[in-house]
Every structure is written in C-alpha cells, then in structure tokens.
Amino acid sequence: QVQVVESGGGLVQPGGSLRLSCSASGSIFSIYAMGWYRQAPGKQRELVATITSGGSTNYADSVKGRFTISRDNAKNTVYLQMNSLNPEDTAVYYCNVRAYTGSGYWGQGTQVTVSS
C-alpha cells in the first residue's frame, strides 16, 4: 500500500507565495516521477509541474517563471514553490507519484485559494 500526503495549501493574497509539499510512503520502492496537478471548480484536472528522478522538469505554460518544482529523492518528497500567485491559480492541488513499474498514485489534494 502506498500513501501520498500533501500539505502546505491555504489562503493567500494575490502576489503572494505558498510552498506545497508531498511525501510518498509505503510499498513504493522506485519512484520515476513526481508531480503536481490542479483542478479548479468546473474544470478538468490539469498538469502543473512534474519532475523525474533524474531532475528533469516540465511545467504548464501558465506557471512557468512563477512556480518551481523540486524533489528530495531520499525522502520521496516533492515540493512546489508558488510565487506571484493570482486568483486563476485557485484550485485543489493534487500530488501524483509514478513508479518505474508504471503504477501511479494520487494524494487527497490540498486547497489553494488566492483572494484578497
């Protein structure tokens, strides 16, 4: 069994910053990629950023230059530093963990609200 737990969401004013964290634990021996997705009300879940075990990153165009994904392989933890937040970033943010076996796991989500 694999557990994926996110933390760090909350309410922030436009222009502010937040840092999300996600840790994977349990029966997962070799993680290929970890990433963040988000889902706003009435919209489909979309990719925010991913990072592989080798450090290769991929970002949605809407967050490039504002968000930074990083990872601690030894701790099976991924971080998302979000700067210059705007109301369009409001969503539930989900962590995804993908093993080399192809199996994928989701966290329960953490709410990020950008509002004055």
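How much of the pair distance distribution for the chain lies past 19 Å, counting alpha-carbon pairs only, in percent? Write out the running numbers ahead of the final one.
Working: 2669 of 6670 pairs.
For the chain, the fraction of Cα-Cα distances above 19 Å is 40 percent.
The accessible surface of the chain, taken with every protein chain in place and a 1.4 Å probe, is 46 percent carbon and sulfur.
Normalised by the residues of the chain, what does the relative contact order come to in percent, with Cα pairs under 8 Å and at least six apart?
Values: 286 pairs, mean separation 42.9, N = 116.
Over the chain, the number comes to 37 percent.
Considering only A60, A33, A91, give the residue with the highest GNM mean-square fluctuation for the chain, with springs between Cα atoms whenever their separation is below 10 Å. In this elastic network of the chain, the residue with the biggest mean-square fluctuation among A60, A33, A91 is A60. Using a probe of 1.4 angstrom and keeping all protein chains present, the accessible surface of region 1-82 works out to 53 square angstrom per residue. When both region 85-102 and region 16-64 are represented by their alpha-carbon centers, they are found 4 Å apart.
The values are calculated or read from the model by the stated rules, or taken from the named source; none is laboratory data. What you see is a predicted model, and the numbers here were worked out from it, not measured in a lab. Surface areas here come from the heavy atoms of the whole protein model, side chains and all, with no ligands, DNA or RNA. Shrake-Rupley method; radii C 1.70, N 1.55, O 1.52, S 1.80 Å.
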